[in-house]
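Data first, discussion second: the structure below is written as structure tokens.
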Ligand code: SF4
């Protein structure tokens with residue numbers, strides 16, 4: 001008998017765009033995913049990763065029961081056994097080596113899970129460990145650092161007012177392919193193009209002519225030289241009288257120190273290393289000044305360079321001193337369901353602090369992921385011996401020079417992977433614990449979007465699970481509570497709350513579970529506290545989202561929402577001024593000396609979201625990723641399409657086939673990251689389409705970490721390339 005088909009409304013949680021979806025379900029199986037034309041912001045837009053998610057949801061490779069590795073064999077075990085063995089080991093290692101010997105690593109997919117962070121962090125604190133790592137220090141942590149120093153909290157996230165701006169300059173981002181980070185912009189390409197149709201201007205600076213700028217105004221910039229461009233832009237803006245003096249004097253401090261810092265950087269000097277002619281920069285400054293509402297935005301390509309924190313400081317300061325911060329058409333400071341920035345500030349662990357012996361910072365609770373291998377392989381008294389990895393694949397996402405991180409993970413006494421699949425990290429783990437997919441859990445959008453309100457068109461949405469989770473998988477929050485129970489640690493530093501949470505988790509999947517309150521009550525509390533309808537009413541009456549009042553600006557500067565001690569925006573935090581003086585001239589000399597060499601950058605692909613989509617037959621068809629070179633570089637190296645090249649950095653080498661494209665700037669090679677699935681014994685499709693892990697070319701360890709925010713240097717790495725083999729199709 002044919003199963004009845006039903007269409008359910010939800011939203012995608014693969015990336016921060018959180019597009020509205022219609023999901024066709026037969027029985028308990030997802031059979032198709034389409035755009036939701038009625039979603040209040042995405043308005044019928046989705047990308048291929050969303051519509052082809054059924055191939056991941058229904059994959060035969062999904063882990064459906066906890067697994068334990070004995071030698072090289074995997075065995076399915078029950079949850080009681082998994083939880084008690086892992087909990088016991090956590091307690092034992094924590095007692096033997098100290099609480100910081102237990103680490104946790106979370107990937108970007110963890111950001112879409114609103115409940116997990118609450119219980120993950122409660123478990124780690126209960127254990128007494130500060131060793132939290134994550135891909136945040138591979139792609140965005142520099143921004144949280146700057147937000148804290150300039151605005152008083154890591155979670156004060158200014159975002160461009162895309163709906164009203166007349167001039168938007170975007171550095172190191174490709175929103176048409178990868179969306180936007182820390183800024184919610186579904187239908188990005190169309191909304192950005194709309195700025196031009198309304199008479200405004202959008203300028204993209206990137207070492208590759210990105211898809212978002214086709215068509216569009218694009219300017220090549222040499223990788224990892226953005227700090228010189230931004231310093232010269234700021235300097236020229238100040239020199240040409242573009243500072244909103246009244247506003248700055250009333251609400252900010254440090255303008256003189258900021259101006260002194262950038263003063264040596266002229267348009268001509270920056271041109272020497274960026275490749276952007278001085279007159280082009282000056283014209284951009286003039287256009288920026290003429291606009292009634294202008295904004296600068298940067299993302300991963302800049303964040304991953306050696307000066308990501310300084311770049312974001314310069315960029316935010318330009319937005320601020322030009323009078324565009326907190327102004328319609330400029331950048332706005334959102335308001336979410338609660339004042340997350342203020343709440344976070346009550347927790348000293350979430351403020352920038354220096355608990356590590358090497359002096360590297362912990363930012364927003366995250367230690368540098370580029371130190372993970374060192375921390376595992378290091379000194380006996382301060383070593384990570386156990387690691388829980390949630391929704392991540394650090395082997396591919398982090399610098400892994402010549403496979404050093406892989407070798408480090410192999411040495412752990414306990415490695416637990418919490419995931420849908422047994423990926424590369426899972427293959428090395430002692431235990432793999434299966435979790436529901438995002439279609440199987442209730443949710444509101446990403447915590448940053450929901451609680452920091454970084455969305456030009458504010459709205460809220462709640463979605464019930466679209467299908468039931470497989471019977472023997474468990475949500476992350478449940479796993480963390482149960483592990484706390486088994487390890488004998490107190491959650492939330494509150495004995496009563498801890499006992500209640502543990503009792504709830506113990507009973508939930510037993511015969512009494514159906515009498516317990518649903519976990520969505522937590523979302524009810526969040527929504528109702530913000531004066532919004534609860535989950536049932538949201539799902540019933542606002543399934544496509546509920547639009548909230550627009551942010552009109554002029555609600556941040558000069559108010560108590562600025563959380564610095566004196567409620568002023570700090571334009572010149574002393575650590576940045578000092579770091580700029582100590583580093584930038586030296587790096588400039590190095591840039592001048594290496595102008596003829598090739599630099600490596602990453603590249604996002606429409607069909608891949610980090611390493612999460614790699615096992616989808618519906619998305620991944622290519623057997624490998626490629627090294628993208630300009631025609632000029634290809635001719636100099638003597639290669640053409642599909643030829644094999646060896647790419648060598650000071651950290652490692654890889655061999656990879658070539659694609660030649662005029663999209664690339666000369667002296668730049670782009671290689672998509674998060675490929676390299678040769679060893680993933682639980683990813684049958686990805687293993688047949690393995691590709692090459694470009695992060696084998698990236699470094700790790702203290703020499704490669706950006707010392708203000710703990711960010712890894714993953715973009716703009718100097719490499720040498722030589723031809724290894726001509727493509728068989730071109731051999732005579
Ligand atoms: S852009 Fe694609 S991956 Fe991102 S939320 Fe929308 S459908 Fe999902």
Original post:
When the helix-only estimate is applied to the chain (DSSP H runs of n ≥ 4, each -39,500 (n - 2.57), divided by the residue count), what is the mean residue ellipticity at 222 nm, nearest 500 deg cm²/dmol?
Top reply: -9000 deg cm²/dmol
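So what's Rg/Rh here for segment 643-684, counting alpha carbon atoms and using the Kirkwood radius for Rh?
Values: Rg = 13.2 Å, Rh = 12.7 Å.
Looking at segment 643-684, the ratio lands at 1.04.
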Original post:
Rg and Dmax of segment 382-428, Cα atoms, in Å?
Top reply: 10.3, 31
Original post:
Can you give the direction-averaged projected area of the convex hull of the alpha-carbon atoms in segment 553-682, in nm²?
Top reply: 14.1
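Based on a Kirkwood Rh over C-alpha pairs, give the Stokes-Einstein translational diffusion coefficient of segment 413-486 at 10 °C and viscosity 1.306 mPa s in µm²/s. Mind dumping the intermediate values first?
Values: Rh = 14.5 Å.
Once the numbers are plugged in, D ends up at 109 µm²/s.
Using DSSP, restrict attention to beta bridges with both residues in segment 122-224 and report what percent are antiparallel, rounded to the nearest 5.
Given both bridge residues lie in segment 122-224, the antiparallel proportion sits at roughly 0 percent.
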Subject >> Tail weight of P(r) past 22 Å, computed on alpha-carbon pairs of segment 615-732, percent >> reply: 41
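Ranked highest first by the average count of other Cβ atoms within 10 Å around their residues, in what order do 390-403, 714-727, 544-557 fall?
Values: 390-403: 24.3, 714-727: 18.6, 544-557: 17.0.
Output ranking for 390-403, 714-727, 544-557: 390-403, 714-727, 544-557.
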**OP:** Can you tell me the FRET efficiency between residue 559 and residue 343 if r is taken as the Cβ-Cβ distance and R0 is 22 Å, rounded to the nearest 0.05?
**Re:** 0.80
Original post:
Which residues in segment 587-621 place their backbone N less than 18 Å from a point set 7 Å from the Cα of residue 729 along the Cα-to-Cβ direction?
Top reply: 621
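With N denoting the number of residues in segment 525-568, provide Rg(C-alpha) divided by 2.2 N^0.38 Å, to two decimal places.
Numbers: Rg = 15.6 Å, N = 44, 2.2 N^0.38 = 9.3 Å.
Cα-based Rg divided by the globular estimate yields 1.69.
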Original post:
Per 10 Å bin, what is the whole-percent P(r) computed from every C-alpha pair distance within segment 46-94?
Top reply: 21, 31, 24, 19, 5
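Pull out the extension gain between residue 246 and residue 377, defined as 0.36 nm times the separation in residues minus the alpha carbon to alpha carbon distance; nm, one decimal. Could you put the intermediate results ahead of the total?
Working: separation 131, 0.36 × 131 = 47.16 nm, distance 5.40 nm.
That works out to 41.8 nm of additional length.
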Original post:
Given a cut-off of 20 Å, what percent of all Cα-Cα pairs of segment 353-420 lie beyond it?
Top reply: 29
Original post:
Per residue, what volume in Å³ does the Cα convex hull of segment 490-538 take up?
Top reply: 83
**OP:** Would you mind pulling out the separation of the Cα centroids of segment 1-43 and segment 395-424, in Å?
**Re:** 33
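How large is the Kirkwood hydrodynamic radius of segment 269-371, counting all unique pairs of alpha carbons, in Å? Mind showing how you got there, number by number?
Numbers: mean 1/r = 0.0596 Å⁻¹.
Radius from the Kirkwood sum: 16.8 Å.
Hey, can you rank 566-577, 106-117, 588-599, 508-519 by average C-beta count inside 10 Å, highest first? Don't jump to the answer; show the numbers that get you there.
Values: 566-577: 19.1, 106-117: 22.8, 588-599: 14.0, 508-519: 11.2.
By packing density, highest mean first, the sequence is 106-117, 566-577, 588-599, 508-519.
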Original post:
Quick one: which of 120-127, 609-616, 580-587 comes out on top by average Cβ neighbours within 10 Å, and what's the full order, highest first?
Top reply: 609-616, 120-127, 580-587
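Working out 0.36 nm times the residue gap between residue 621 and residue 574, then minus their Cα-Cα distance, what length gain in nm do you get to one decimal?
Between residue 621 and residue 574, full extension yields 11.9 nm more.
If the chain were replaced by its equivalent ellipsoid, with semi-axes equal to the square roots of 5 times the Cα gyration tensor eigenvalues, what would those be, largest first, whole Å?
Working: eigenvalues 287, 189, 143 Å².
Semi-axes, largest first: 38, 31, 27 Å.
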**OP:** On a C-alpha basis, how far is the centre of segment 646-665 from the centre of segment 566-590 in Å? Whole number, if you could?
**Re:** 33
Original post:
What FRET efficiency do you get for residue 687 and residue 552 if R0 is 45 Å and r is their Cβ-Cβ distance, rounded to the nearest 0.05?
Top reply: 0.30
Subject >> Binned Cα-Cα distances of segment 135-271, short to long, each 10 Å bin given as a whole percent >> reply: 10, 32, 41, 17, 0
Subject >> Approximate spin-label separation residue 7-residue 722, in nm, with each point projected 7 Å along Cα-to-Cβ >> reply: 6.0
Original post:
Between residue 493 and residue 28, what FRET efficiency follows from the Cβ-Cβ distance if R0 is 51 Å, with the result rounded to 0.05?
Top reply: 0.80
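Restricting to the chain, compute how many DSSP beta bridges are antiparallel as a %, nearest 5. Don't skip to the end; give the middle numbers.
Numbers: 44 of 83 bridges.
Of all bridge pairs located within the chain, approximately 55 percent are antiparallel.
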**OP:** Sticking to Cα atoms, compute the Rg of segment 502-584 to one decimal and its Dmax as the biggest Cα-Cα distance, whole number, in Å.
**Re:** 22.9, 65
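Determine the relative contact order of segment 398-503: mean sequence separation of Cα pairs under 8 Å and six or more apart, normalised by residue count, in whole percent. Mind dumping the intermediate values first?
Working: 95 pairs, mean separation 19.4, N = 106.
This gives 18 percent for segment 398-503.
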**OP:** Give the residues of segment 557-596 whose amide nitrogen is closer than 20 Å to a point set 7 Å from the Cα of residue 263 in the direction of its Cβ.
**Re:** 571-586
Original post:
On the first, second and third principal axes, largest extent first, how far apart are the outermost C-alpha atoms of segment 474-620 in Å?
Top reply: 70, 50, 42
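Evaluate Rg over Rh across segment 197-259, taking Cα atoms for both radii and Kirkwood's formula for Rh.
Working: Rg = 15.6 Å, Rh = 14.3 Å.
My calculation puts Rg/Rh at 1.09.
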**OP:** Please work out the C-alpha center-to-center distance from segment 231-279 to segment 45-106 and express it in whole Å.
**Re:** 49
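When the Kirkwood radius is taken over all Cα pairs of segment 381-505, what Stokes-Einstein diffusion coefficient follows at 4 °C and 1.567 mPa s, in µm²/s?
Working: Rh = 17.2 Å.
So the translational diffusion coefficient is about 75 µm²/s.
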Original post:
Give or take rounding to whole Å, what are the principal axis extents of the alpha carbon atoms in segment 437-557, in descending order?
Top reply: 50, 35, 22
**OP:** Please give the residues of segment 561-603, grouped as numeric ranges, whose backbone N is less than 19 Å from a label point set 7 Å along the Cα-to-Cβ vector of residue 272.
**Re:** 580-597
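Read the figures in this text as sums done on the coordinates, not as results from a lab. The model shown is predicted, which means the values in this text are computed figures rather than measured ones. Methodologically, a virtual Cβ is constructed for each residue, glycine included, from the backbone with ideal geometry; neighbour enumeration extends over all protein chains shown.
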